[in-house]
Each structure stands twice: as C-alpha cells, then as structure tokens.
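Here the structure comes first, spelled out in structure tokens, and everything after it is commentary.
The values are calculated or read from the model by the stated rules, or taken from the named source; none is laboratory data. Fair warning: this is a prediction, and the values are worked out from it, not measured in the lab. Every residue, glycine among them, receives a Cβ derived from its backbone with ideal geometry; neighbour counts consider all protein chains shown. Quick note on the areas: whole protein, heavy atoms, side chains included, nothing else; ligands and nucleic acids left out. Shrake-Rupley method; radii C 1.70, N 1.55, O 1.52, S 1.80 Å.
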Amino acid sequence: MDLAFTAAEDAFRAEARAWLAAHVPATPLPSLETEAGFARHREWERTLHADRWSVVSWPAAYGGRAASLTEWLIFEEEYYAAGAPGRVGQNGISLLAPTLFAHGTDEQRARILPPMASGEVVWAQAWSEPGAGSDLAALRSTAVRTEGGWRLSGQKTWSSRAPFADRAFGLFRSDPEAAKEKPHRGLTYLMFPLDAEGVTVRPIGRLDGKPAFAEIFLDDVFVPDEDIIGEPGQGWRVAMSTAGNERGLTLRSPGRFMASAARLQSLWHEQGEPAEFRDRVADALIGARAYELFTHAAAARLAEGGELGAESSLNKVFWSELDIRLHETALDLLGPYGQLADGADDAPAHGAWAEGYTFSLAGPIYAGTNEIQRDIIAERLLGLPKGRR
Amino acid sequence: MRFLLDDEQRQFATSLDEMLSAAGTPGVARSWAAGDFGPGRALWARIADSGVFALAIPEAQGGLGPLPVELTVAYEALGRHAVPGPLVETAAAGALLARLGGEPAAAWLHPLAEGKAVATLADGPYALDADAADAVFVVEGETLRLADGAGPVQPTLDPARQLSRPRGGAVPADGPAVTAAYAHAVGLARLSAAAQALGLGRALLTQTVAYAKERRQFGTEIGSFQVIKHRLADTLIALEFAQPLVYGAAVTMADRDLAAAKAAAGEAGYLAARTALQVHGAIGYTEELDLSLWIRKARALRDAWGTPAHCRAAIAAA
C-alpha cells in the first residue's frame, strides 16, 4: 500500500504544469453558460487539443495521450490548481465518449471522437423529459423505424448547454410493446444534430439567470442508422453501463475540490482566520483529501480489473454535498460581499465563488438525484429491501 | 501507486476477525467493565500472539515494526470486535519509549511487544484503564513519569473505559527528547484510535443493517423505508470516506493526515452509533443488548487523543 508516484508520472505532472502555466488565460474567460463565453471556451478546447491536453486518457489516434487513470488524476489536479477554464466539452468527453469506447463501432469512434476532442463538435445530453426525471425509464420520446434509420419525436428537457451545443445524445422508446413488461425495455440510444430539420431548442433560464439549459422538441427528426449506439432496444443497458462515469470520479475529479479547498483556506487566512469558520474550513480540507484518497483506492481497484458499479453513488453524494458546503463557507466568509455576482465591480479579488456556488447547488440534482443515489447505496451496497420511492 | 491492502494484509485482518469472533469479546468487555480484568488479559495475550502489540515497536527494539498500515488493519479489527483495554495507549507508549530509547525502552519494549505487559499513557489529565495496566506513563512538558499506580478511578460514560488521574512516581527521562517522542506517540495514538473508531463504526452499521432487514413494523421490514435507508446510506458514506483517510495517514504519517483521519473516523464511528441507536429504537437504548458496548465506546474514541474540534484546528492552521 503506497501513495507514491512513479518518475514517469512526476514527469507527466511537470509537463502538464509547465504547459498550463504557459497557456491558461491570465484573466478568467466569460462564463461558459453564455453564448459569448461558450465560444471562448470552445476556442480554449482547441488550444488544449493542439497540444493533446483535451482528452489525455484517450488513445493517441483520437487526439489523446493514452494516459493512465493516475495520470489523468494528476492532469486534473494540475488543471484545477492552475485555475484553468471550465470544460465546455465535458458532456461529450465524460459521458458520450466512454459509451462509444464501450459500445460504439470503430466507424463511430473515428467519425465522432476527433471533432469532440478539438471542441469542433460540442455535445449536449438529452435524457430527462417532462415526465421522466429521477424515474428516467418513464421516458416517452419515440424512435420509429424508417428506411435507413429512425424518426425521433417527443420532448427532452433540462439539457445543459443545448442552446449553444451542436449535437445531442439520449434514449428513445423504440418498442412500446416491450415497455409493458418493464419500462426500461425497448429503449434505444441515439445521437442527433441540434440543427436538424424538426428540432427546436428552447433555452431555459437557470437559477443563475444564464440561458444555459434547454428543452428540445423533436418533430419527426430523421437519424441515420449510423447514429445508433449499441443494438435497438438495448439503450438502457448501454446508457447505464457508463452511468457510473457521470456520478463518479471521471466527471468530478478530486483535483477540482482540492483546488477549491485550498482557495478556501487561503481566503480564511486572508480574513484573519476567524475562529467561527475554522471547523468548516478544516472540513472542506478533510473532505477534499478524503475524496482524493478514495479515488486513488478506486483507481487501484480498477487497475486490477475491478469495477465501480454502485460504488459511484457514494462518490456522487459525497462530492456534490462537499461542493455545496465548501462554497457556502466561502460566501459566509465573504460576508456582505458574498451576495455579489462574480462580474460585479465590487466583487472580491478572490473572485469566482458566486458562480461556483450556484453551480454547486445543481450537484445533488443532476446525474441522478442524491435521494436516488441513497436508495441505490441502501439497496445495492447494504442489501436493504426495495420499497416505494 | 497502489493504494490498496495486499493479500497478506487482508489475510491478517481475516485471521484477527476469526480469532476475535471466537473469543466472545462482548463477554470479555462486560467483565472488564465490572472490574474483572482476567478474561481481558487472557485475550490480550492472544492478540499479542498475533503480533499486534509488536507493530508499533521497531524490529531492532524487540518489535516487528514500525508497520503503521498493519497496525491500522489490526486496530480496525479490534474496534470491530469492541475489544476492551488500553489498546491505543499501549501502542502509543511503545512508540514513545522506542523513540526515546535508553533505560525505559530497554525495560519495557520487549514485554510490551510480547503482550506480557500492558501499558497506558495519559491523554491529558487522565489515563485509560490504569488499574489494569502494568505501567502507567505520564508526559508533562519535558518530563516522562512512570506513575506509582492508577490513582482513584473516576466513573465514566463507558464503564469499559476506566479513567483515573495517575500520581507520583519516578522520572525515567526528561528533556526536549521527551516532548518530541510524545508528539510522535500522539500521532500514533490518533492513527490507532481512528482505526478502532472505523472498525467500531463498521460493526455498528453491519448490526444495524441486519436489524433493519429483520425488524417489521407496519407490516414490512423497516429497512424498506426510505428514511431508514437514507440514514444507513449516509452512515456508509461517512465510513467509506473515513477509511481512505485512515489508511492514507498510515502511509504518510503526516500530522495533517493523522488529524484528518482522527477527526473523520471519530465522527463516522459516532455517526454509526447514533444511527444504530435510532434505528434499533428502545431496544438499542438498553444495556442488555451487546450493541451498547459499541455505542458507548464510539463517543469516547471520537474524543480520545484529540477531539474532532482539536484535530480540525490543527488542519485549518497548517
């Protein structure tokens, strides 16, 4: 049992750190949840990609460095410590790409992954529907077989960044008969362009006032056969096999929380170490360290052929609640300034707590609410009987 | 990096679990609480045979160590089985004397490693189970004192953990080396107390999950109710994220990691106790149920060798 990095890993860290020091914009980019900010973040993806830093864990053929999980964790730690921009391509990179690696065809990987890596094509997810949130299998949007492909109809919602993204992926009901046995049967995983004929994207203002999520209306939208992932009717299995990515460590790396906790501690020191905040600052540091070490243990298990499975639900609850507590502590420490948006003239020089705070509030909701995660933990990890939700 | 126990370490945990399960530790703990230390000392000797008390003591001084990861594995098992006695204090006293060297080390380290002697070390004003120990050490500033005896025993919330204020005695060592060795011993005490709290919490959760699957109200198992499920899930989360902190501290032995491990495992063990009590309901509030042995110990372990608040202060200031 050890926590030692190899010489090669240290060299990888040094290379990442040097590159980030030379390339991270000196002033923060405008929010990626706005149209102008989205475009700037797309440019940043191009910059990352040019030196093969946008998707380090992917094979070189698709623009990556074939980095190990440990190297990816190192990259993420350096990335957040450097205060680098948010990742506009994250939905594609952390959700769709693992699905393509596991269930896609070579043709799909060759066609879809390189433009995803460069930010040329940014992906949105299209899971939720007005009647299907936590109970995702209740979804009703349909895919009907047609010559050479499928025709999609229905309504998706809460699709993050869909107003500015290029393409989307989601589940559609292709066999309504199968659903009579069990609701998650007869679903098919499909990808579609957001500018296709029959697609209407209606932006929805979020709690932070930004127009960054959307409803997507689909009216008889044609999708060619090449854009199905896995077999028709197997969509639930395909989607769930990588759901752990969304809940777990590949969506929210420890580096993010280690950097935030370190910034929080600096803020506390700068404010004269008020005693009434000491415990909460310490808890943020303890939480970030716990998540870091938990992830190293998970990485070691994965390296030995283990699987994460329901364990990713532990991650999801832990990081999302840590994130909120950490940001709440920062706002409290800032006192009256904690009410200011990041763009305000008076916003403290430390900056960037307000947007992070509002974003953190979504954490216990997306990727399966924390209530659903606790049910999964209780039933699959503790073996408690199923009951009414 | 391979931040996982190896096969040998896992096997060590399994063999300790088997031995302790067979030993009937709840009965041993009840005797200990009643002031009958015989069964506890017999169990102590068997634990020593497994090498547990040699893990904090360097090989050159009669031990097998220092092996902090193995020590953590062992103390987690001792916590799971609610083994009574100055377990943490004996390990910490061994680490203290090994660091100091000289005459007291020569006199005590071999018997401690072999389980022939039980030591305690005062944590603040009080020493744990001094009346059951062969050596009662007290550090005050730069002075190491080998107390004359236990001193009057104070009633405590956990009767299996007797506290007293040791008085008098010889001074086998003094000077700055004592202060430094004591700081090292406190770190080891935090690690072993954290490991024990973690194991204690795991055992409480296991017993409580079993009860929630069995106990029926409103015509169904109470474990099918979401309020119960979520409370148990939160307890598992706390334990699962305390565990890597404890083992991480064993690997680095850094002060900040030791403090984080102690705070997180102490809180997680205590949360498990609160959950266990609440889910069991009135039966959990009885002395008769063995669960009480774990519940009472959880609060004491949380606060021994640095309360969570004390540990947090050290972390924030670093």
Using a 1.4 angstrom probe on the protein heavy atoms only, could you order A:128, B:50 from most to least accessible area? B:50, A:128
Relative contact order of chain B (C-alpha contacts under 8 Å, at least 6 apart) in percent is 16 percent
Just to confirm the number: angle between the C-alpha axis of helix B:7-22 and the first principal axis of chain B, 0 to 90 degrees, nearest 10? 80 degrees
Working from Cα positions, state the angle (0 to 90°, nearest 10) between the long axis of helix B:226-252 and the longest principal axis of chain B. 20 degrees
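How high is the relative contact order of the stretch A:7-88? Use alpha-carbon pairs under 8 Å, at least six apart in sequence, and give a whole percent.
Worked out over the stretch A:7-88, it gives 36 percent.
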Leaving out ligands and nucleic acids, and using a 1.4 Å probe, what accessible area per residue does the protein assembly as shown come to in Å²? 40 Å²
³J(HN,Hα) across the stretch A:172-180 via Karplus (A = 6.51, B = -1.76, C = 1.60, θ = phi - 60°), whole Hz, x for Gly/Pro? 9, 7, 9, 9, x, 5, 4, 5, 5
Please build a GNM for chain A, connecting alpha carbons under 10 Å apart, and tell me which residue among A:267, A:113, A:96 fluctuates the most. A:267
Which trypsin sites (Lys or Arg not before Pro) from the stretch A:119-186 combine a DSSP loop assignment with at most 16 other Cβ atoms within 10 Å? A:140
Within 10 Å of each Cβ of A:368-380, how many other protein chain Cβ atoms are there on average? 4
Ranking B:146, A:322 from most to least accessible area with a 1.4 Å probe gives B:146, A:322
For the pair B and A, total buried accessible area rounded to nearest 100 Å², probe 1.4 Å: 3800 Å²
GNM of chain B, Cα pairs under 10 angstrom: of B:277, B:198, B:97, the biggest fluctuation goes to B:277
The set of residues whose placed amide H lies less than 5 Å from the amide H of residue A:222, leaving out same-chain residues fewer than 5 positions away, is A:152
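Short version: what are the Cα gyration tensor semi-axes of chain A, square root of 5 times each eigenvalue, largest first, in whole Å?
Working from the Cα gyration tensor, I get semi-axes of 34, 23, 23 Å.
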Restricted to the stretch B:7-181, the DSSP antiparallel beta bridge percent, nearest 5, is 75 percent
Mind checking the mean number of beta-carbon atoms from other chains within 10 Å of the Cβ atoms in A:3-16? 1
Residue range of chain B that is longest and free of GluC sites (Glu not before Pro) which are both DSSP loop and sparsely packed (at most 13 other C-beta within 10 Å): B:1-286
Compare B:80, B:215, B:161 in a GNM of chain B, Cα atoms joined below 10 Å, and give the one with the largest fluctuation. B:215
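Return the average number of partner chain Cβ atoms within 10 angstrom of each residue Cβ along peptide A:289-302.
Details: counts 11, 12, 3, 3, 14, 8, 2, 7, 9, 3, 4, 5, 3, 0.
Rounded to a whole number, the mean comes out at 6.
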In the protein assembly as shown, what % of DSSP beta bridges are antiparallel (nearest 5)? 80 percent
Measure nothing fancy, just the Cα-based angle from helix A:69-81's long axis to the longest principal axis of chain A, in degrees from 0 to 90, nearest 10. 60 degrees
How high is the relative contact order of chain A, in percent, counting Cα pairs under 8 Å that sit 6 or more residues apart? 13 percent
Cα gyration tensor shape for the stretch B:194-317, rounded if a/c is under 1.5, else prolate or oblate: prolate
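Please give me, ordered by residue number, the GluC sites (Glu not before Pro) of the stretch A:99-154 that lie in loop per DSSP and have at most 16 other Cβ atoms within 10 Å.
Loop-located and lightly packed - A:120, A:147.
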Too long for a 28 Å Cα-Cα cut-off, among A:156/B:213; A:210/A:316; B:229/B:262; A:156/A:182, are A:156/B:213
Using DSSP, restrict attention to beta bridges with both residues in chain A and report what percent are antiparallel, rounded to the nearest 5. 85 percent
Rounded if a/c under 1.5, otherwise prolate or oblate - the protein assembly as shown, Cα gyration tensor axes: prolate
Global geometry of the stretch A:10-103, whether rounded, prolate or oblate, following the gyration tensor of its Cα atoms and the 1.5 cut on a/c: oblate
